[in-house]
Amino acid sequence: MIKELIFGFVVFAAGVGIPVMGAINAGLGTRLASPVLATVILMLVGLLVATTFMLLQGTPSLPDAMPPWHSFTGGFLVVFYVLAITTIAPKIGLGNAIFLVLMGQIVSTSVIDHFGLMGAIKTPISFQKGLGIAFMAIGIVFARRIV
């Protein structure tokens, strides 16, 4: 129970960090007049932090078998996300940009979980779950229209 609460808090904190990162990097991209340079800086800092954590934990040994091809697409996706937010948030507003990201996350996680794609635990979309997802989406739309 405590472990799940800690995991939940960490993931919640990561979620809080996404728009903060978006705002910081969008501002950096605007100040530098280059969203791409801001993204490169963010990725270099991220590489340094991740490398430091890896060295503190001990360098892992490589597996005998090659991971599936999709295991290597995360780097592309994180760069795509950061570039998109860094470029577009100053034009449409951070809240609107994150709203669209959240909608994309709801749709993609539903599909991934429903079909158990890429090794995810298969959790089919029931009527109740679909209704909950629809309410989340409607809530996000209302929240963005009010603000």
Counting pairs of alpha carbon atoms under 8 Å apart in space and at least six apart in sequence, what relative contact order in percent does the range 93-147 give?
32
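Once the piece of chain linking F72 and L55 is laid out straight, how much longer is it, given 0.36 nm per residue of separation minus the C-alpha distance between them?
Numbers: separation 17, 0.36 × 17 = 6.12 nm, distance 2.09 nm.
Length difference between fully extended and current span is 4.0 nm.
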Between the modelled labels at I125 and M43 (7 Å from Cα along Cα→Cβ) the distance in nm is 3.2
With a 10 Å cut-off between alpha carbons and a GNM built on the chain, which of T109, T39, T52 moves the most?
T52
Report the semi-axes of the equivalent ellipsoid for the chain in whole Å, largest first, where each axis is √(5λ) for an eigenvalue λ of the Cα gyration tensor.
27, 26, 15
Order of K122, K3 from fewest to most other C-beta atoms within 10 Å?
K3, K122
Mind listing the long-range amide H neighbours of T123? Cut-off is under 5 Å, sequence gap 5 or more, other chains count too, H placed in the peptide plane at 1.01 Å from N.
H114, G116
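Compute the Cα gyration tensor for the range 93-147, then decide on rounded, prolate or oblate, letting a ≥ b ≥ c be the square roots of its eigenvalues: rounded whenever a/c is under 1.5, prolate when a/b is larger than b/c in the other cases, and oblate in all that remain. Could the numbers behind the result be given before it?
Details: a/c = 5.44, a/b = 1.75, b/c = 3.10.
Note, shape of the range 93-147 comes out oblate.
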Once normalised by the length of the chain, the mean sequence separation of its alpha carbon contacts under 8 Å that are 6 or more apart gives a contact order in percent of 22
As a Kirkwood estimate from alpha-carbon pairs, the range 33-89 has a hydrodynamic radius in angstrom of 13.4
In deg cm²/dmol, rounded to 500, what helix-only [θ] at 222 nm does the chain give when every DSSP H run of at least 4 residues adds -39500 (n - 2.57) and the total is split over its residues?
-27500 deg cm²/dmol
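Where a number appears in this text, it was derived from the coordinates with a stated rule and is not lab data. Keep in mind it's a predicted model, so treat the numbers as computed, not measured. Heads up, the Cβs are rebuilt from the backbone with ideal geometry, glycines too, and the neighbour counts pull from every protein chain shown.
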